[in-house]
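The values are calculated or read from the model by the stated rules, or taken from the named source; none is laboratory data. A quick note: this is a predicted structure, and the numbers were derived from the prediction, not measured. Here the Cβ positions follow ideal geometry from the backbone for every residue, glycine too, while neighbour counts run over all protein chains shown. The protein model used for the area step is the full one, side chains on, heavy atoms only, and it has no ligands, DNA or RNA in it. Shrake-Rupley method; radii C 1.70, N 1.55, O 1.52, S 1.80 Å.
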Amino acid sequence: MEKIRTLRGFRDIVGEELEKFRRVEAVFRGHCGILGFREIELPVLEKTELFVRSIGDTTDIVEKEMFTFTDIGGDSLTMRPEATAGMVRSYLQEGLHAKERMTKVFTMGPMFRHERPQKGRYREFHQIDVEVFGVKEPLVDAELIWMIRMFLGELGVEKYRIEVNSVGCKTCRESFRGVLVDFFETRKGELCEDCLRRLERNPLRIFDCKNEQCIRVTGDSPFLFDSLCGECRDHFELFQGYIEDFGVSVETNKRLVRGLDYYTKTVFEVTSDDLGAQKAFIAGGRYDNLVGEMGGPATAGIGFAVGVERLVMLLAPLSGKTEKRCFFAHVGDQARGRLIPLLKASAARGINLLYSYEAKSLKSQMRYADNLGCGFVLILGDDEIQKGVIVLRDMTGKTQHELPLDPEKAIEELERLNGL
Ligand code: ATP
Ligand code: MG
C-alpha cells in the first residue's frame, strides 16, 4: 500500500532542529517574563473575515496565500496566516482595552500560508509574536528593537541587520499615492503582472515585490519616507533618538514596506545574509489604526513576529547532550523483579534508565547498551543478587564498582561515582 506522507510544505520537526526550537522558545519566554509580557494561546482557526479585514484584501497573504475552507456548517474559516489579527481580536473580545492602560502580550505557534515551498519557506511555519497595545510613544518602538537584540544576543546570533523605515499614516499615504502612481505609470513596461494589478489597487505593495526587475524600478521611485507628514516625521526622529540611547545600531531602508496593510509609522525587519534567499527572520511594526478598524476604540499598537524556522537556521550546534542516562542489564526473573523499583528511583533523580523490554542474554543487552550510546551499565543477575550488589561497569571494561542492591541507594551511588 502507498505510504501516506505529509502535505507539501508541511514538515515534522525532530531531533536537533526541535531542540533548537525549544531553546528559542525558552529564551524568548525568559525575556518576555522580565519585560512584563503575558503569554496567551490563540486559536489556529478563525473566521476568514478576521484576516481579510485586518491584513487587507489586496495583500499577497489574503489574495493568494490563505488556507481558507468552508466548514460543514457553511462558514468560511481560515487557518491563521499570522498572529496579530487574532491578538487584536482577543484584546477586544477580552475587553482588555477597558481594563488596562497598556497591554503587553506574546504568543507562539504555527502559522499557515499557501506559498511555494522552498528553503526557509513552508506552508506551515512557526512564529513567536509580540504585541503592545495602548502606547503611542516611539519609546516603545525602540524598546522592542532593543528586546530583539537582547534575545538574539542570548541565542548567540550576531550576524544580522536591523532595517527600519516609516510607512507613515493615512494622511501621508493618501497624498503620496498620486505621486507614486504617476511615477510607476512612466515605468509600466518594466513591471510584472502582479505589480500592474498592485498599481491599480494598492501601489505601495509594489515595494514588496520580489521580482528583480520590479526591485530595480522601485530603486528609482520616490519614497514615502521623504513625504511623511509632520507627526510621522517627528515620531520617526524620536524613535531614532531612543534607538541611539539603547545603543542598538539600525539602518534606515526607505524601500522597506511590510506585506500587510495595517502598518503605520515605524516598520522594521531583521535580516541575515546567512539565510540565502529568504533573508528576513524577524519583522514588525506599528499599527495605530488596526484596533479601531477592527471595531474597537482608537488604540495604538505595535508588534513583531519571529520566523522560528529561519532563526533556528542561524543557531550554532547545541553543545553536548545533557541527558543523564544509564543502561540496566538484567538476567533472570529475580533481577527483572528489581527493574521497576530501580526505574522509579532513577526517574525520581532525573536519570533515564534504559533497558531491554524483552528478556535477552547479557551479551545481547551489552550490545544494545552500546548501540544506545550508554557509557556504563548496571548489571544484575542471580550471582549479584546473592552477593547483595548491583555491578556498575564502564563500557570500556576498565572500571567496575559494586553498588548496593537497594534501588535508592544504588542510584545515589551511581550518580556519585559517575558524576551524572
Ligand atoms: P517573506 O517576505 O519572507 O514572505 P513576510 O513579509 O511574508 O516574509 P511576515 O508576514 O512579516 O513575513 O512574517 C514574519 C516572519 O515570519 C518572516 O520574517 C519570516 O521569518 C517568517 N515567515 C513568513 N512566511 C513564512 C513561510 N512561509 N515560511 C517560513 N517562515 C515564514
Ligand atoms: Mg510572505
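Determine if the range 255-267 includes at least one residue that is open to solvent by 30 Å² or more (accessible area, probe 1.4 Å), more than 15 Å from ligand 2 (Cβ to nearest atom) and modelled with pLDDT under 95. The answer is yes, given that some residue of the range 255-267 is open to solvent by 30 Å² or more (accessible area, probe 1.4 Å), more than 15 Å from ligand 2 (Cβ to nearest atom) and modelled with pLDDT under 95.
Per the conditions (1) open to solvent by less than 10 Å² (accessible area, probe 1.4 Å); (2) more than 19 Å from HIS31 (Cα to Cα); (3) of a type in the set (Val, Ile, Thr), the sole criterion not satisfied by THR171 is (1). Look at the range 31-59: where a residue is closer than 26 Å to ILE206 by Cβ and open to solvent by less than 60 Å² (accessible area, probe 1.4 Å) and a partner is among the small types (Gly, Ala, Ser) and assigned to a helix (DSSP H, G or I), sitting 6+ places away or on another chain with Cβ atoms under 7 Å, you get PHE51/ALA85; SER54/ALA85; ILE55/ALA85. None of ILE385, ILE390 is surrounded by 20 or more Cβ atoms within 10 Å (Cβ to Cβ) and in contact (Cβ under 8 Å) with a residue 12 or more places away in the chain except ILE390.
Residues that are out of contact with any helix residue (DSSP H, G or I) (no Cβ under 8 Å at 6 or more places or on another chain) and modelled with pLDDT of 95 or more were ranked within the range 119-136; the one that is farthest from ligand 1 (Cβ to nearest atom) is LYS136.
For SER249, state whether it is among the polar types (S, T, N, Q), out of contact with any Gly (no Cβ under 8 Å at 6 or more places or on another chain), in the same structural domain as ARG161 (by TED's automatic domain parsing) and open to solvent by less than 40 Å² (accessible area, probe 1.4 Å). It would help to see each step written out before you state the result.
Details: among the polar types (S, T, N, Q): yes; out of contact with any Gly (no Cβ under 8 Å at 6 or more places or on another chain): yes; in the same structural domain as ARG161 (by TED's automatic domain parsing): yes; open to solvent by less than 40 Å² (accessible area, probe 1.4 Å): no.
Considered against the rule, which asks whether it is among the polar types (S, T, N, Q), out of contact with any Gly (no Cβ under 8 Å at 6 or more places or on another chain), in the same structural domain as ARG161 (by TED's automatic domain parsing) and open to solvent by less than 40 Å² (accessible area, probe 1.4 Å), SER249 comes out as no.
Identify all residues within the range 148-163 that are part of a helix (DSSP H, G or I) and farther than 23 Å from CYS232 by Cβ; write none if there are none. If the condition is that a residue be part of a helix (DSSP H, G or I) and farther than 23 Å from CYS232 by Cβ, then ARG149, MET150, PHE151, LEU152, GLY153, GLU154 are the ones that fit. Applying the set (1) of a type in the set (A, V, I, L, M, F, W, C); (2) open to solvent by 70 Å² or more (accessible area, probe 1.4 Å); (3) away from ligand 1 (no atom under 16 Å from the Cβ) to LEU7 leaves exactly one unmet item: (3).
Select from the range 326-342 the residues that are on the phi < 0 side of the Ramachandran plot and in a loop (DSSP other than H, G, I, E, B) and write down the one among them that is least open to solvent (accessible area, probe 1.4 Å). Once the filter is applied, the top-ranked residue is VAL331.
Take residues that are within 30 Å of ARG149 (Cβ to Cβ) and tell me which of the helices (runs of 4 or more DSSP H) falling wholly in the range 164-238 contain 3 or more.
On the way: elements: 170-186, 193-201, 212-220.
Fully inside the range 164-238 and qualifying: 212-220.
Residue-level check: of (1) more than 16 Å from ligand 2 (Cβ to nearest atom); (2) within 18 Å of HIS126 (Cβ to Cβ), ARG101 misses just (2).
Out of ASP141, ASP129, ASP182, one residue alone is in contact with a Lys or Arg (Cβ under 9 Å, 6 or more places away or on another chain) and acidic (Asp, Glu). It is ASP141.
Is the range 21-30 home to any residue that is in contact with a Ser or Thr (Cβ under 9 Å, 6 or more places away or on another chain) and of a type outside the set (Asp, Glu)? Show your work before the answer.
So in the range 21-30, the residues in contact with a Ser or Thr (Cβ under 9 Å, 6 or more places away or on another chain) come out as none.
No; the residues of the range 21-30 include none that is in contact with a Ser or Thr (Cβ under 9 Å, 6 or more places away or on another chain) and of a type outside the set (Asp, Glu).
None of LEU353, LEU314, LEU343 is under 30 Å from LEU155 (Cβ atoms) and either in contact with a Phe, Trp or Tyr (Cβ under 9 Å, 6 or more places away or on another chain) or modelled with pLDDT under 95 (or both) except LEU314. Against the definition (in a loop (DSSP other than H, G, I, E, B), open to solvent by 50 Å² or more (accessible area, probe 1.4 Å) and outside the structural domain of ARG123 (by TED's automatic domain parsing)), how does GLU2 come out, yes or no? It is true that GLU2 is in a loop (DSSP other than H, G, I, E, B), open to solvent by 50 Å² or more (accessible area, probe 1.4 Å) and outside the structural domain of ARG123 (by TED's automatic domain parsing). Would you check if there is a residue in the range 47-63 being more than 16 Å from ligand 2 (Cβ to nearest atom), within 19 Å of ALA305 (Cα to Cα) and of a type in the set (Phe, Trp, Tyr)? No - not one qualifying residue is present in the range 47-63.
Restricting attention to the range 83-119, the residues that are in a loop (DSSP other than H, G, I, E, B), open to solvent by 10 Å² or more (accessible area, probe 1.4 Å) and closer than 21 Å to PHE10 by Cα total 6. Listed by position, the helices (runs of 4 or more DSSP H) inside the range 343-420 whose residues that are assigned by TED's automatic domain parsing to the domain that holds ALA329 and among the aromatic types (Phe, Trp, Tyr) number at least 1 are 362-371.
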